[in-house]
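The values are calculated or read from the model by the stated rules, or taken from the named source; none is laboratory data. If you're wondering where the values come from, they're calculated on a predicted model, not measured in any experiment. With ideal geometry, Cβ positions are generated from the backbone for all residues, glycine too; neighbour counts draw on all protein chains shown.
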Amino acid sequence: MSAAGARRELPGRLVAVEGLDGSGKSTQVRLLHRWLDGLGLKVFFSEWNSSVLVKEATRKGKRRQLLTPTTFSLIHATDFADRYERQILPMLEAGYLVLCDRYMFTAFARDGMRGCDPGWLRRLYAFAHPPDITFYFRLPLETALGRILAGRPRLKWFEAGMDLGLSADPRESFRLFQGGVMAQYERMTDEFGFTVLDATRSIHRQQEVVRSIVAERLDLARFRQRRGR
Amino acid sequence: MSGKRCYGRPPAGVDPGGLRGALIVVEGPDASGRSTQIALLGEWLEERGYAVEQVGLKRSRLVAPTLDRAQEGNVLSPRTMTLFYATDFYDQLENRIVPALRGGYVVLADRYIYTLMARATVRGADPEWLRTLYSMALVPDAVVFLRVSAARLVERTLKARASLDYWESGMDLGLARSWYDSFVIYQRRIRAVYAELQREYGFEVVNGNRSVAAIQRDLRTRVCAVLADLFEGMDEGGGPDASG
């Protein structure tokens, strides 16, 4: 359970996608997963905020609006640690390609926007391996907002950042909150060496770029499944 | 006027400088007599006209039920467990301790970050990481540690429950097959960590191997001194409830 100290070379590789809601990153990672699967490689996919055990507490806290910026951050860190230690790390140790829809940078962006100390957040997540590639899907704020707001009559409380008291109107609050989250992502681009993608281009074109970068930066042949014995 | 501070930066949105009550922490292992002592202390303080709020570990509405379930199944990694406990701690800090202190209450905490740090440390947590995790905790006005010998702890635990607790025996660590042996080894390790924490955070140690009344006398003396320091001269300024 040591922090940054014991960072050792693992046989697996880690690819994360990050970006605003509506940036299309989930679609892109799903298509990447399809492709890698089709190549017969050992791939594992993990999604932010999906640990079964922690989910119940998260849901309850969100429904009852019980969470402060600190507990909001910690409950997501708990979820992440559970998935990391039970799935992500063992998969990396077993030599898998691990794909993550959102990684610790989501916490840095959202919790940072909520007022949590950036240094504290980075030390909190120091136990986790940094990704080998982090794709950041960049697009203008208005485009992201349009994509989300168009298909959604109602926004959830925390999704809209209503806990921050930015505005009494959920749509306006969402706008301000997402703007802040985006500024946080932009600041992290250099800090963590994100691979930036233009998320305004067609899904197909973006996926071509994603696949070529993955093929170039990772030695995919190493991840072939062993066939029957 | 007192005002408090945190070990590191305060949690987002919390101003420790504006807190006036008293935060008194009683630490000690299970079966050290903590709960009895805190109950007595609470009654005594209320008799003397102080409003008291009691808090403890694993009492938050947010995560306590999930934690209980997870512990039964023993399925969480030590780090996940530590983060769950930290969520529980900060939930109570922000939703109970801070509001009570703002209102001028005496908050009696049945254990605090030190127990959480000790448990995580014996399970291999990085000490620096733990200090970061709990750096937003308020610095208490007093921390009293009830020190009880291991032999006495076993005796009391068995007498009270006729069995040893899985977690308090450190059975998850695989220290020994026998619960009794494991309990003794685990408590010894915990005690060594407490000793380090005591030096670092400056607890006051009270000998818990004595009668309930004798321990209570010590605690009251200590609490009186803290309250005198904190509340002296406050009443001329309008009293603890003046600004609600």
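What the table shows:
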quantity: Subset of region A:116-140 that is over 18 Å from the mean Cα position of the chain (by Cα) and surrounded by fewer than 17 Cβ atoms within 10 Å (Cβ to Cβ) - its residue that is nearest to A:V17 (Cα to Cα); calculated: A:P140
quantity: Criterion violated by A:M113 - all others in (1) away from every other protein chain (no Cβ under 12 Å); (2) crowded, with 19+ Cβ neighbours inside 10 Å; (3) touching a residue at least 60 places away in the same chain (Cβ under 8 Å) satisfied; calculated: (1)
quantity: Tally of residues being over 17 Å from B:L130 (Cα atoms) and assigned to a helix (DSSP H, G or I) across region B:190-232; calculated: 21
quantity: Candidate set: region A:42-58, residues that are at pLDDT below 90, crowded, with 18+ Cβ neighbours inside 10 Å and not in a loop (DSSP other than H, G, I, E, B); chosen: the one farthest from the other protein chains (Cβ to nearest Cβ); calculated: A:T58
quantity: Contacts under 9 angstrom Cβ, first residue in region A:192-210 being on the phi > 0 side of the Ramachandran plot, partner polar (S, T, N, Q), 6 or more apart; calculated: A:G193/A:T134
quantity: Among (1) within 14 Å of chain A (Cβ to nearest Cβ); (2) outside any loop (DSSP other than H, G, I, E, B) - the single one B:G124 does not satisfy; calculated: (2)
quantity: Some residue of region A:187-209 being touching a Ser or Thr at 6+ places or on another chain (Cβ under 8 Å) and farther than 22 Å from A:D132 by Cβ; calculated: yes
quantity: Yes/no for B:Y180 being assigned to a loop (DSSP other than H, G, I, E, B), aromatic (F, W, Y) and more than 30 Å from B:G3 (Cα to Cα); calculated: no
quantity: Residue check for A:A4: closer than 28 Å to A:R222 by Cβ, touching a helix residue (DSSP H, G or I) at 6+ places or on another chain (Cβ under 9 Å) and at pLDDT below 90; calculated: yes
quantity: Failed criterion for B:S169 (all others in (1) closer than 28 Å to B:S77 by Cβ; (2) loosely packed, with under 14 Cβ neighbours inside 10 Å hold); calculated: (2)
quantity: Looking only at region B:73-104, and only at residues there that are surrounded by fewer than 23 Cβ atoms within 10 Å (Cβ to Cβ) and in a loop (DSSP other than H, G, I, E, B), the one that is nearest to the other protein chains (Cβ to nearest Cβ); calculated: B:S77
quantity: Residue in region B:186-205 that is free of Cβ contacts under 8 Å to residues at least 12 places away in the same chain and of a type in the set (S, T, N, Q) present; calculated: no
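Residue by residue, here is whether (1) under 24 Å from B:P11 (Cα atoms); (2) away from chain B (no Cβ under 14 Å); (3) out of contact with any Cys (no Cβ under 8 Å at 6 or more places or on another chain); (4) among the small types (G, A, S) holds:
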residue	(1), (2), (3), (4)
A:K60	yes, no, yes, no
A:T68	yes, no, yes, no
A:F72	yes, no, yes, no
A:Y84	no, no, yes, no
A:P90	no, no, yes, no
A:Y125	yes, no, yes, no
A:Y136	no, yes, yes, no
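Results for (1) assigned to a strand (DSSP E or B); (2) within 14 Å of another protein chain (Cβ to nearest Cβ); (3) modelled with pLDDT of 95 or more, shown as yes or no for each residue.
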site	(1), (2), (3)
B:I24	yes, no, yes
B:D30	no, no, no
B:S35	no, no, no
B:L41	no, no, yes
